[in-house]
Amino acid sequence: YESVTSGNTSNPPAQSANKEESHNGLHIAGNENKCESLRKVVLARKVDLNLGASLNGLDALMRMKFGGHVGHLFYLATGEDNKELQFNREFIGCTPERLFQVKDRGNERIVTSEALAGTRIRGLTPNADAELLQELLSSKKDMLENEITGNFIMDALKELEANGWLDKRSPEFFVESCDDENKSHTGRFFVRRLRHLQHICQTFEGRLSKNANII
């Protein structure tokens with residue numbers, strides 16, 4: 001992840017992720033008390049950017065939107081109930097997967113989310129691109145990684161269902177997605193193909209109950 005703060009720009013960004021620290025992160029994860037229940041460990045790289053002036057998160061988001069970034073933009077700002085937002089802490093980003101979306105389908109309100117995990121670069125030629133795609137889809141490690149991510153989202157939807165936010169449905173929450181120019185379809189999994197990367201993805205949806213409030 002990256003953090004942006006105001007300060008002196010004389011120091012270059014400090015990248016804290018290297019081979020030794022990655023090994024240390026895996027060692028720490030493996031020695032946790034609950035290590036037997038861990039199925040997936042994600043190591044993140046931290047980059048601190050010290051700017052000479054304040055940065056407005058919404059301005060940065062608009063630069064992403066009109067600067068060629070392909071994905072789903074999000075923005076969060078801290079604040080308190082019935083008070084103005086405090087813009088000293090903002091969380092922005094652009095993700096290739098849809099975090100969630102609520103849309104009307106007839107008389108129903110449908111919430112949709114995606115599990116995206118398992119990645120390859122795009123090939124420099126059509127043949128190389130197709131080979132990388134097949135390598136990705138035939139990788140047991142990458143498919144398992146996506147299944148673990150999908151199970152996490154499915155458990156979250158089941159919890160919403162148990163609390164009355166989603167209507168009861170059977171048997172599962174995953175849905176099959178139709179092909180388009182950015183997808184290669186294989187059963188309930190598909191590959192989202194972006195400019196530089198291609199990712200295994202699943203789509204999940206649930207039907208909001210009448211009393212559900214997305215706010």
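The values are calculated or read from the model by the stated rules, or taken from the named source; none is laboratory data. The shown structure was predicted, so the numbers you read here are calculated from the model rather than taken from an experiment. Virtual Cβ from ideal backbone geometry, glycine too; neighbours counted across all protein chains shown. When the accessible area is computed, the model is the full protein with side chains, heavy atoms only, and any ligands, DNA or RNA have been set aside. Shrake-Rupley method; radii C 1.70, N 1.55, O 1.52, S 1.80 Å.
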Long-range amide H contacts for LEU197: which residues qualify at under 5 Å (H placed 1.01 Å from N, peptide plane, sequence gap of 5 or more or a different chain)? ARG122
Subset of LYS65/LYS140; LYS65/LYS168; LYS40/LYS168 violating a 32 Å alpha-carbon distance limit: LYS65/LYS140; LYS65/LYS168
In order through the range 119-134: 3J(HN,Hα) via Karplus (6.51 cos²θ - 1.76 cosθ + 1.60), integer Hz, x for Gly, Pro: 9, 9, 6, 7, x, 6, 10, x, 5, 5, 5, 5, 5, 5, 5, 5
Ranked from highest to lowest mean number of other Cβ atoms within 10 Å per residue, what is the order of the peptides 98-105, 194-201? 194-201, 98-105
Suppose accessible area is computed on protein heavy atoms with a 1.4 Å probe; arrange ILE92, ILE121, ILE110, ILE148 from highest to lowest. ILE121, ILE92, ILE148, ILE110
³J(HN,Hα) computed for each position of the range 145-151 - Karplus, 6.51 cos²θ - 1.76 cosθ + 1.60, integer Hz, glycine/proline x: 4, 5, 4, 4, 4, x, 5
